[in-house]
Each structure stands twice: as C-alpha cells, then as structure tokens.
There are 2 protein chains.
Amino acid sequence: MTPAVVLFSGGVDSSTCLAIARQEGFAPHALAVRYGQRHAHELGAAERVAAAMGVPLKVIGLDLRAIGGSALTAELPVPKDAPIGGSIPVTYVPARNTVLLGLALGYAETLGAQDLYIGVNAIDYSGYPDCRPAFVQAFEALANVATAAAIEGRARYRVHAPLLTLSKAEIIRRGAQLGVPYALTHSCYDPDSFGRACGRCDSCRLRRQGFAEAGVPDPTPYA
Amino acid sequence: MTPAVVLFSGGVDSSTCLAIARQEGFAPHALAVRYGQRHAHELGAAERVAAAMGVPLKVIGLDLRAIGGSALTAELPVPKDAPIGGSIPVTYVPARNTVLLGLALGYAETLGAQDLYIGVNAIDYSGYPDCRPAFVQAFEALANVATAAAIEGRARYRVHAPLLTLSKAEIIRRGAQLGVPYALTHSCYDPDSFGRACGRCDSCRLRRQGFAEAGVPDPTPYA
C-alpha cells in the first residue's frame, strides 16, 4: 500500500479526510500537532479516532503559544454566538496550516510518502486564509522545490484537499458512508471541564448545523 | 523602525543576516527554534549573540525528533571529514526551512512585520534543497496567499535571503565589517561536552575555511 500523511486533529473534517485517503487507496499515517491548543480534548479525540480506525498516529509538539495572536493559542476569549463569515475570526492561528503542512511534508519525506492530505474546506470554513485553493496550490508548488526527495526526482508531492468544495453536511454524509466514528470526534473550541462541547462557538455551530442538514444523528454530548 | 523577523540559530550565517537586516533599515526580531538539535550549544549561542547585538530573541519549541530522518535530530552519527558537495548529506532535516519560515511568517503576522530574513546560502551550502533560490521564491509566493494579513491587503510579504549568492568568505567579510560578534557564534554539528567545535564536520570545515579565505582571524575554540 502506498503511504500518505494525513493532517489530523480528531475533528469531523480531518477524520473524514482520513477515511477518504484510505478509500482512495492509500495507507494513511495520521499526523497530529500539539501546538498549544487551549485544552487537550482535541488530542484525546485524535488518539481515540485513529485507534478506532486502525491508523498509526504520530504526535509532534510545537509551542505556538510562544507566538500567540489567536484565541486558540493565547489567552483571548473564544467568541460565542458570533456571526460566521465576513472578517477573519480571532480563532485564526497565524500561518498555522503553512507550519502544519511543512511538518507533514517532513514526515512524508521520512516515510517515503508523496501524498499529503489536509481537511481544509473553503465553503463552510470560518474565513481562514489558509483553507483556500490558492493556498493548497502554493504549498504543493513549494513542496516540490523544498525537499531532497523532490529535487532528487524520488518524489512528486501532491497536496490532497478532498473537502475543499464540500459543505459541512456533504462532508458528514460522505464520512457516515465511510463509517467514520463521529461519536469519538471533537470539534469544540471551548469545551467544559468534562470535555463537553459548548455548542456556541463557530466550530460547534458549524458541526451541529452540518449534522442537521446531512440528516445524520449528531452524537455530540453538548454541555 | 519597520520590524522584520530574522530566523536565527546563533551561527555565522544567521548572525550575519541579523546584522544585514539592521543595516538595511529594519528593527530585527530574532526567532530561534528549539527543534530537537543534538545539543543546546546552538541555542546558548543564539542567546549570547542576540544579547550582544541588542536584538530581541523569541525561542519556539518544536519536537522534530518525532519525525527524525536527520543526523541533527535523530540518533544518526554526524559525518566527519566527508566530501562536501554532491549528494544531500544526512544532516539535512526534512522540510526544515519550510517549517522554520512558516513559524517566522506566523510571528511576523503577530508583530505586524512583512519582512522575513533567512540566512540560506546556495554556494558554500552543503547541498540542502531548501537553501536554493527556487525555494525562497516559492515560499514568498505561499506567504502571500497563506495569511490573514496578506489576503486582507495589510501585508505584502518579502523573504530576504541576503547571503544566497555569497561565499562563506564573503559572508564573514561582510559580517566583520558590520561588527558581528563571531566569537560568540556556534557552527559545529557535534561539539564536545565543553561546547568546543569538533573542527571536522561539514559545518566546522566550511566555517574554518571561510575565515581563512576571508583573511579574518577565526575566534573559534576547536577541540
């Protein structure tokens, strides 16, 4: 089986992306980054989902709190019940997907993989610049000049973003068909001390609405 | 003064790059990454050089050992007295400069800086793919689609690589003119327990030869 590196957070999108990589014929290697998220629930979900799907998971530590500039890494409040769309929200982490894809590229090179998967989404996304097609294309161009494997002709990297043009409901329908264990996934930016989703941040509201529109029962325990 | 982010390791090249950024009219902010180097001497040098030059230094932790694949991050031996040039050496760290520039980009965005400096060098370099002009150009293109600042029109990022076409001797002559405190810098991939340079790895030999060719006294204490 051809290996592929899948950026993975344990949320709906990256868990679906993992299932799609497998359906497309790859042996997926999940890569999670402990980048100073406000809480560890996201990584706990990543471990549970990867184990349930029988996929190896690598976790890399990166202290993005040293940079700050985001509600997800610094001590800024997570917005609740705020309008979605329009300006870029404070949960944007500066240059995050550039760094994450860079780490995926390094991991791919050590595995001998040429395929990177990232679950970015340009439709129901919350306005993040590094979730757009132009970003994905620019990173693929970079990957093919940045690595030993590429310049020695051993690799031609491809960045797969299979969710790019899907709505949240379409993602969930696709993942439900593929058997993604959504009950184990985690989306909330600001869960309570029991790990229950707040139901009110952008991420919770996109998730909840996606399940409703998909006609798939939402297994999330909201606080 | 206009801020700029300078990737910084405390070695000859990045210290010279820091001095050039200042000479070019920027207020440099040094960014070092503790990425699982074999030893802490490099970061100690970064702190000493930045302090001597009066430049603020930010250090980010990143566990690249989780990926491995390099003599600088995994338990592979550092080559000694090996031919320089030709194939890419085992001290290559997969996708390292992609990740480092990604972190510099994130830091720049939080500082409101649009200028990134990286001390890569395509002449006396040891064969690293991510030290070539094509890499620098591809990253600049990526930066301008990857960030909130760029897509909102608040930033047009530039990646400066002022050492790109200089020989090591030219770098050292330039830095000596600018007063770079080379005695505080560190280059060796494999120092002894006192932090003294081995004199035999690629990095030591390029440094030693550079000082000799530049006609600048080499202040390095070799083991």
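So for chain B, taking the charge dipole from beta-carbon charges (+1 Lys/Arg, -1 Asp/Glu), which of B:LEU164, B:PHE135, B:PRO217 sits furthest toward the positive end? Most positive-ward Cα: B:PRO217. Distances between copies at B:PRO133, taken between label points 7 Å from Cα along the C-beta direction, are 3.2 nm in increasing order.
Each residue, B:GLU47 and B:ALA134, gets one label point 7 Å from its Cα in the Cβ direction; the gap between the two is 4.0 nm. Taking amide H positions as modeled 1.01 Å from N, with prolines and chain starts lacking one, the residues under 5 Å from B:HIS29 and 5 or more places away or on another chain are B:ALA4, B:VAL5, B:VAL6.
Applying Stokes-Einstein at 25 °C and 0.890 mPa s to the Kirkwood radius of the protein assembly as shown, computed over alpha-carbon pairs, gives a translational diffusion coefficient of 109 µm² s⁻¹.
Give me the orientation-averaged projected area of the Cα convex hull of chain A, in nm², one decimal.
Values: hull surface 45.8 nm².
So the Cα hull casts an average projection of 11.5 nm².
Sorted from closest to farthest, the other copies place their B:GLU47 label points 3.2 nm away, with each point set 7 Å from Cα along Cα→Cβ.
Whats the longest run of chain B with zero GluC sites (Glu not before Pro) that are DSSP loop and have at most 15 other Cβ atoms within 10 Å? Value returned for the longest uninterrupted segment is B:76-151. Across the identical copies, the label point of B:ALA223 (7 Å from Cα in the Cβ direction) is separated from its matches by 5.3 nm, in order from shortest. Compute a Gaussian network model of chain A, connecting alpha carbons closer than 10 Å, and tell me which residue from A:ALA66, A:ALA46, A:ALA122 fluctuates the most. Of A:ALA66, A:ALA46, A:ALA122, the Gaussian network model singles out A:ALA66 as fluctuating most. Taking every residue in A:51-63 and counting other chain Cβ atoms within 10 Å of its Cβ, the average works out to 3. The string of couplings for the range B:6-11 from the Karplus curve (6.51, -1.76, 1.60, θ = phi - 60°) is 10, 5, 9, 10, x, x Hz, one whole number per residue in order, with x for Gly and Pro. Considering only B:GLN177, B:GLY153, B:LEU103, and ranking their Cα positions along the charge dipole of the range B:91-196 that arises from unit charges at the beta-carbon of Lys, Arg, Asp and Glu, the one farthest toward the positive end is B:GLN177.
In the protein assembly as shown, the DSSP beta bridges split such that about 5 percent are antiparallel, to the nearest 5.
I'd like the mean, over residues of B:104-115, of how many other protein chain beta carbons sit within 10 Å of each residue's own Cβ. Let's see the in-between values first.
Numbers: counts 3, 5, 13, 7, 3, 7, 7, 3, 0, 0, 0, 0.
Averaged over the peptide's residues, the number is 4.
For chain B, leaving out every one of the trypsin sites (Lys or Arg not before Pro) that falls in a DSSP loop and has at most 16 other Cβ atoms within 10 Å, the longest unbroken run is B:1-79.
How large is the direction-averaged shadow of the alpha-carbon convex hull of the range B:106-214, in nm²? Please list the in-between numbers first.
Details: hull surface 33.6 nm².
One quarter of the hull surface, i.e. the mean projection, equals 8.4 nm².
Taking amide H positions as placed in the peptide plane 1.01 Å from N, state which residues far from A:GLY61 in sequence (5 or more) or on other chains have amide H under 5 Å from it. Residues meeting the criterion, in which the H sits 1.01 Å from N, are A:ARG34, B:ASP63. Using Cα atoms only, what is the angle between the long axis of helix B:96-111 and the major principal axis of chain B, expressed in degrees (0 to 90) to the nearest 10? Tilt of helix B:96-111: around 40 degrees. Note that the range A:200-215 has calculated 3J(HN,Hα) couplings of 10, 6, 3, 5, 4, 5, 5, 5, 4, 5, x, 4, 4, 5, 6, x Hz, one per residue in order, obtained from phi through the Karplus relation 6.51 cos²θ - 1.76 cosθ + 1.60 (θ = phi - 60°); glycine and proline are x.
A short reminder: the numbers here are calculations on the coordinates, not readings from a lab. It should be emphasised that the depicted structure is a prediction, and the values quoted were computed from it without experimental measurement. All Cβ positions, even for glycine, are placed from backbone atoms using ideal geometry, and neighbour counts span all protein chains on display.
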